[in-house]
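Read the structure below first, then the notes.
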Amino acid sequence: MAYQVPEPKIFACTQSTALGEKIAASYGAKLGKVQFSRYSDGEFQPSFEESIRGARIFIIGSTNPSSENLMEMLLMLDAAKRASARHITAVMPYFGWARQDRKDKPRVPIAAKLVAKMLETAGATRIITMDLHADQIQGFFEKPVDHLFASTLFLPYVKSLNLDNLCIASPDMGGSKRAYAYSKALESDVVICYKQRAKANVISHMELIGEVKGKNVILVDDMVDTAGTLTKAADLMIERGAQSVRAITTHGLLSGNAYERIENSKLSELIVTDSIPVEHNRKKIKVLGCADLFADVMHRVHHNTSISSKFLM
């Protein structure tokens, strides 16, 4: 009699419970039961309320700040390891602390490397994530990393808009590679924004490299935080004669007064995924679900089949 591979068990951190339920439903399973006990000082303890001995488990949780989200993931990984789970995959739609991927000045940490080491020490045997801030972060891990691209979600949506005179733009020099990849897939022109920062999240000057007059521009980035860069770029492009400006960003951090900035900007639309919970009742924000993408990849990982079709760029 052939050995039947037992189905994996899927769990979610509290911040990603809604996304976890969607992923589990798309996978064809129920979300596993986890109980969180909390002390009055803020300390918390996760507990798996079902046996996971010898099982493959997936723990879903984006680790955007506050640090409590990362701590939840680490504690759940440690609990799974101590409960004798056979394979423990950390499914992190958004890999937090990734902007600190190098020493850009003396006496600063490389937080992305530290987080990678903590995840492995806690018990992760595999990482599944989407649109890392820097591709080289994969090299910080000694365990396998499946780095998915949200282009599999965004490209069909952009094509459905049927925009003429399409132009892809990068809001900074660092995103030029991503912009060129999108432009190749969409057979469009490319524009690059050159910006100088006074300090983190504060732009002192911005210029355009390329022509946007009469074009429908789509800004492409991996994340939007305060929305300062995107809204400033959109306003500048409209001033330079662009017909319309949209933005597609994988992770909608949207901190501070980002929502108000977007609503008051020249952006026609901001398209994000639900890797991080986003307010849906905003006129200019369109949310594309990533649950089917992660569920499909998790199924392929569990059954040891190729996931290369999920790497459009």
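The values are calculated or read from the model by the stated rules, or taken from the named source; none is laboratory data. All figures in this text were calculated on a predicted structure; none of them were measured in a lab. Glycine gets a Cβ as well: all are built from the backbone with ideal geometry, and neighbour counts include every protein chain shown. Areas reflect the complete protein model, heavy atoms only, side chains present, ligands, DNA and RNA absent. Shrake-Rupley method; radii C 1.70, N 1.55, O 1.52, S 1.80 Å.
Tell me which residues, restricted to the range 269-311, are of a type in the set (A, V, I, L, M, F, W, C) and more than 20 Å from Met92 (Cβ to Cβ).
Leu270, Ile271, Ile285
When both residues are 6+ apart or on different chains and their Cβ atoms are under 6 Å apart, which pairs have a first residue that lies in the range 223-245 and is farther than 13 Å from Leu270 by Cβ, and a second that is among the hydrophobic types (A, V, I, L, M, F, W, C) and buried (at least 22 other Cβ atoms within 10 Å of the Cβ)?
Qualifying pairs under 6 Å: Met237/Val212; Met237/Val217; Met237/Val245; Arg240/Val212; Ala242/Val212; Ala242/Val217.
Mind checking which residues of the range 61-106 are closer than 14 Å to Lys9 by Cβ and polar (S, T, N, Q)?
Hits for the range 61-106 are Ser84, Thr89.
Residue check, Glu207 against (1) modelled with pLDDT of 95 or more; (2) over 29 Å from Gly289 (Cβ atoms), all met but one. Which one?
Here Glu207 meets the rest and fails (1).
Considering (1) buried (at least 19 other Cβ atoms within 10 Å of the Cβ); (2) in contact (Cβ under 8 Å) with a residue 40 or more places away in the chain; (3) over 22 Å from Ala291 (Cβ atoms); (4) of a type in the set (A, V, I, L, M), say which one Leu253 fails and leave the rest.
The single condition Leu253 does not satisfy is (3).
In this structure, does Lys266 turn out to be over 25 Å from Gly96 (Cα atoms), out of contact with any Asp or Glu (no Cβ under 8 Å at 6 or more places or on another chain), of a type in the set (Lys, Arg) and surrounded by fewer than 17 Cβ atoms within 10 Å (Cβ to Cβ)?
no
Name the pairs: first residue in the range 54-75 and modelled with pLDDT of 95 or more and acidic (Asp, Glu), second residue surrounded by 24 or more Cβ atoms within 10 Å (Cβ to Cβ) and in a loop (DSSP other than H, G, I, E, B), Cβ to Cβ under 6 Å, at least 6 apart or on different chains?
Hits for this filter: Glu72/Cys13.
Kindly evaluate Lys286 against the criterion of being charged (D, E, K, R) and crowded, with 21+ Cβ neighbours inside 10 Å.
Judged against the criteria, Lys286 is not a match.
If we keep just the residues of the range 76-100 that are touching a helix residue (DSSP H, G or I) at 6+ places or on another chain (Cβ under 8 Å) and part of a helix (DSSP H, G or I), which is least open to solvent (accessible area, probe 1.4 Å)?
Among residues in the range 76-100 that are touching a helix residue (DSSP H, G or I) at 6+ places or on another chain (Cβ under 8 Å) and part of a helix (DSSP H, G or I), the one least open to solvent (accessible area, probe 1.4 Å) is Leu77.
Mind checking which residues of the range 278-302 are farther than 17 Å from Phe11 by Cα, within 14 Å of the chain's Cα centre (by Cα) and part of a loop (DSSP other than H, G, I, E, B)?
Correct list: Val278, Gly289.
Please verify whether Lys103 is part of a loop (DSSP other than H, G, I, E, B), on the phi < 0 side of the Ramachandran plot and open to solvent by 70 Å² or more (accessible area, probe 1.4 Å), treating the condition exactly as stated.
yes
Considering the range 152-177 alone, what residues qualify as being among the charged types (D, E, K, R), over 19 Å from Gly228 (Cα atoms) and in contact with a helix residue (DSSP H, G or I) (Cβ under 8 Å, 6 or more places away or on another chain)?
Lys159
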